[in-house]
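Bear in mind that the values in this text are calculations on the coordinates, not laboratory data. Being a predicted model, the structure only gives us computed values, none of them experimental. Reconstructed Cβ throughout: ideal geometry from the backbone, glycine too, with neighbour counts over all protein chains shown.
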Amino acid sequence: MTSSPYACACPAAQSLPTSFPGSPRWPGGTAQGIEIPWIKFKEIEAARKDLAGAGLTLGPCGPRFRTVTACPGLPVCRRALADSQSFARQIDQKFSGWLLPHKFKATVSACPNACSRPQENEIGFCAAVQPYMEADACMGCGLCVDICREKALVLQDGKPLLDKSRCVLCADCMQSCPTDAWKAERMGYAVYAGGKNGRHPTQGEKIADFVNEEQGMMIIQRCLDFYLQHGKKRERLGDLIRRVGRDEFKAAVLQ
Ligand code: SF4
Ligand code: SF4
Ligand code: SF4
């Protein structure tokens, strides 16, 4: 985009076929934001009005809860296990712009491929499904064994046997089975906390498994309460967790 960028006149979005789910839409690749450089401070209000006319709002910056990112999820990506966009929107509507000790990023991925990098955000959600097999429904074709990239399945006595230690909860086996023998034992989001990128990148730690959206919202709320109560100015969440101890942090946000 080179001219009138904030008019939301993205040619790619305009030219998507109307049969495309949710179209017309901006298909992504900008971390859910469009950066418009060189707007003078005194012109921000006019720009804000122009953007509002196009249905866009200014994203928060500085020491705030930033615009929530998400992978495309359902129904766009064939691997998706959840509607990551809708959950991200819910998070964004409640928390975006909150003033905090430092920047705070959140993201939602709809499967363990983790395309929006949940381990590299202050809080990251990653959808997962724990499969179990109904042996009576299995005809022993071996398709799920071949499809599992983690080698978590082996055929034993004509039926697939699951090695849970290798399983990454992606549900590929479920989607491949011609007889629907694989079912979901548990599904929901894994939650990572304390990750960040930049000069000193650190991976967030998984603090919960298989949470639903309501539980996820509670975890964020408690996380922010903890951050506001204990965080020092310009201290990222991950640094706070290391300073006070992960057990104390987890006890506070998972109560
Ligand atoms: S995280 Fe999974 S569902 Fe989301 S875009 Fe990547 S592969 Fe698709
Ligand atoms: S969920 Fe994924 S990793 Fe686990 S057994 Fe099925 S295909 Fe393999
Ligand atoms: S794909 Fe289904 S039917 Fe085939 S071996 Fe796996 S569970 Fe059994």
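Here are a few things to note about the model shown:
- A simple rule links phi to the HN-Hα coupling: the Karplus curve 6.51 cos²θ - 1.76 cosθ + 1.60 with θ = phi - 60°, which for region 149-154 gives 6, 8, 6, 8, 10, 9 Hz, with x for Gly and Pro.
- Relative contact order (percent, whole number), the chain, Cα cutoff 8 Å, 6+ residue spacing: 15
- On Cα atoms only, tilt of 44-53 relative to the major axis of the chain in degrees: 50
- Simple point charges give the picture: +1 on the Cβ of Lys and Arg, -1 on the Cβ of Asp and Glu, and for region 29-253 a dipole about the Cα centre of about 1180 debye.
- Shown here: region 172-234, whose C-alpha atoms stretch 56, 29, 12 Å along the first, second and third principal axes, sorted largest to smallest.
- As a proxy for reagent exposure, ILE220, ILE36 were ordered by neighbouring Cβ count within 10 angstrom, fewest first; the result is ILE36, ILE220.
- Choice from THR69, THR179, THR107 showing the highest fluctuation, given a GNM over the chain with Cα pairs closer than 10 Å: THR179
- Computed helical MRE - 222 nm, the chain, DSSP H runs ≥ 4 contributing -39500 (n - 2.57), nearest 500: -7500 deg cm²/dmol
- For the chain, the Rg and Dmax computed from alpha carbons only, in angstrom: 21.2, 74
- Between the helical axis of 213-230 and the longest alpha-carbon principal axis of the chain there is an angle of about 50 degrees.
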